[in-house]
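Inspection log for the structure reproduced underneath, given as structure tokens.
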Amino acid sequence: MMKSDSKSRASHPAGLKKSPTGIVGLDQITNGGLPQGRSTLVCGGTGCGKTLLAMEFLVRGATEFNEPGVFLSFEETIQDLTENVASLGFDLQKLVAQKKIVLDYVYIERSEIQQSGEYDLEGLFIRLGAAIDAIGARRVVLDTIETLFSGLPNPAILRAELRRLFRWLKEKGVTAILTGERGEKMLTRQGLEEYVSDCVIVLDHRVTEQTSSRRLRVIKYRGATHGTNEYPFLIDAEGFSVLPVTSLGLAHKASYERISSGIARLDAMLGGEGYFRGSSILISGTAGTGKSSLAAHFADAACHRGERVIYFSFEESPDQILRNMASIGINLQPWIKKGLLQIQATRPSSAGLETHLVKMHNVVNAFKPRVVILDPLNSFIFADNEIEVKSMLTRLVDYLKTEQITGLFTNLAQSSSLVGQTDVNISSVIDSWLLLRDIDSGSERNRGLSILKSRGMAHSNQIREFLLTGHGVELRDVYVGPEGVLTGSARLTKEAENEAAQLVHKQDVELRRIELERKRTTLKAQIAMLRAEFAVQEVASIKIIGQETAEKAQLAQGRVDMGVSRSVDEKPNKDKEDST
Amino acid sequence: MKSKPSSTEKQTPAPAALEHFVLKLYIAGQSPKSLNAIANIKKICEENLQGRYELKVIDLYEQPQLAQGDQIIALPTLIKKIPPPLRRIIGDLSDTERVLVGLDIQQA
């Protein structure tokens, strides 16, 4: 026995091989699965899911990793077991027929058994060995081996034999899961953890604030690093899922793509193009400020782009959402018919936070949406679990971001003055934060929208008035003047006043324009008259000049004629004439 | 303690004393416990059930498939199905009185 032990230790440095469980999340926590060829102890209280975890390990091994398995049940009969896991979609009968799984029910009835002298568990070894050899099993589950202690006399023998069993399993090279009921002081009632030293997983099922949540923790994993936190897990129709979201860190890619909020004015406020794809958006506001309407707009816009949307509603039923949104002109029904929109309505109190988270994960995983809406987020906040809600949201946001899914969350603020403070806890994981609030003025309640923050974009710092109309949400500029911020009727009145004032002003301007025109016309007429006068004078002047020239010419001609008649020498005369 | 069961001591064993016993002894090869068990049960049967018992010894190393049917975990295991009720006695059967009580031949 000692030999085999030291031999297996010697093989340690070669690096630990792992046997993938195929269980969502668990392989992530353990960096690849359970230690191959070794035994893992899974322990926890009644009804925490030990058997299911073990069974899924076996079934996934047989179906996905080509590793047949043996399930040795000490508690449930084969029929019970088959029926129980059928609800998870596992067809054990088929797997048994295909020789991928062997189910064996070990029945021990204490009242039938007497002890006389020394015994050992060789029968179990032979039985298990025969089952392993029959199908070439690589995986073994013993559920729950501790039953032996209540069924067989002489614990001292049992302990020695169990020790031998675990060594034997190791020699066989099978990857084993042993389950154990949680004990009071020890992890298991019989202290199985003493024998199984390679890997210990604890399952927990706890109830806080009347809601239950399941958690899983890897206490020990010899020779390998592993996530040490408590991770929430869920058992649903698809089997076991563990959420290791917090181990993902902050490595998600940031998209430069922008997507419309569904409201043009809001897009304009958000740097002109809307939200970033894959970002997280929080809409907080007091009751009735239109948070859901904004969310519905966003969903509608995404569906218009042909993207899938999941709307998680925690307060209204799907029907109610459809009716209410139709009243403001957003018709979501066609998107549901087209299969683009899914509305998931659940009560927050129906399950623990973690369960909700896992459920949301699974729904998101199955539907593969580009947009996820949670309305409203703070239904989860009960007494003082804000930190948990934050951790849940962080996980969800992390997950959505790695999947490049845009998340929009609404949050009901208790009072508008405290909005900034109460939500500080969750705001750190939020990229864009819109604030809706009531503006009380002139015995009216109006809605105002502003952007508290929006990472990575030049966003507007203005408060816009937010109107719910028959054709959706409209954003209006609020009136800001010497009287302060005006909204609603006050804004309308002010706008009317302004309009009137503008009209008067406009008329004034028009009058001046006409006056100017008139002046111009007058001036033009005067210019024309002057021109005409000038033309007359010009003609007269030209006429006088013409006459004078003609007279001069006549005079000269007369002188020549006279000279001719007086027979004057032509040349000097001619010179004289030139000089004149 | 190896006294024969006497029908006069108690009322109930009286009919049992005359009944036919069918016994199966499961063992694992030639281990000391197996050999002891065979020797012990043969002696007990000869002394207490002479002429009215059948004893079948099954070596699980040779017929491992039988382990499941008779729900064998511990070895050696002696099973009495007839007469009812079903009884199992585990161990090398060195404690004769326990065996007799276990087989309902003797009252505890």
Around B:Pro85: net Lys/Arg minus Asp/Glu count, Cβ-Cβ under 10 Å: +1
Local net charge near B:Ile72, Cβ-Cβ under 10 Å (Lys/Arg +1, Asp/Glu -1): +1
Solvent-accessible surface ranking, highest first, for B:Lys42, A:Lys291, A:Lys220 at 1.4 angstrom: B:Lys42, A:Lys220, A:Lys291
Placed amide H near A:Ala345: partners under 5 Å, 5+ positions off or other chain: A:Ser313
Most to least accessible of A:Ser116, A:Ser567, A:Ser443 (protein chains only, probe 1.4 Å): A:Ser443, A:Ser567, A:Ser116
Surface accessible to a 1.4 Å probe, per residue, for the residues of the range B:17-102, Å²: 45 Å²
Amide H contacts of A:Tyr275 (H built 1.01 Å from N, under 5 Å, at least 5 apart or other chain): A:Ile259, A:Ser261
Three semi-axes of the equivalent ellipsoid, the range B:17-102, Cα gyration tensor, whole Å, largest first: 20, 15, 11
Positive-pole candidate from A:Asn446, A:Ile430, A:Gln547, dipole of chain A, charges at beta carbon: A:Gln547
Lys/Arg +1, Asp/Glu -1 at C-beta; the protein assembly as shown dipole; positive extreme among A:Phe466, A:Ser212, A:Ser19: A:Ser19
³J(HN,Hα), Karplus 6.51/-1.76/1.60, whole Hz, each residue of the range A:265-277, x for Gly, Pro: 5, 5, 4, 4, 5, 8, x, x, 10, x, 6, 7, 5
Of the DSSP H helices in chain A, those whose Cα atoms cover at least 15 Å axially and whose Kyte score averages 1.6 or more: none
The range B:17-102, relative contact order in percent, only Cα pairs under 8 angstrom and at least six apart counted: 41 percent
For A:Ala224, net neighbour charge (Lys/Arg +1, Asp/Glu -1) across residues whose Cβ lies under 12 Å away: +4
Contour minus Cα-Cα distance for A:Ser150 and A:Ala237 (0.36 nm per residue): 28.0 nm
Pairwise centroid distance, computed over Cα atoms, of the range A:74-132 with the range A:161-191, Å: 16 Å
Amide hydrogen neighbours beyond the local backbone of A:Ile439, cut-off 5 Å, H modeled: A:Asn446, A:Arg447, A:Gly448
Inter-centroid distance (Cα atoms) of the range A:277-316 relative to the range B:64-89, Å: 66 Å
Length released on extending from A:Ala528 to A:Asp133, taking residue separation times 0.36 nm less the Cα-Cα span: 129.8 nm
Ratio of the Cα radius of gyration of the protein assembly as shown to 2.2 N^0.38 Å, where N counts its residues: 1.89
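The values are calculated or read from the model by the stated rules, or taken from the named source; none is laboratory data. For clarity, every value in this text was computed on a predicted model and none was experimentally measured. Quick reminder, even Gly has a Cβ in these numbers, built from the backbone with ideal geometry, and neighbours come from all protein chains shown. Just the protein is used for accessible areas: all its heavy atoms, side chains included, with ligands, DNA and RNA removed. Shrake-Rupley method; radii C 1.70, N 1.55, O 1.52, S 1.80 Å.
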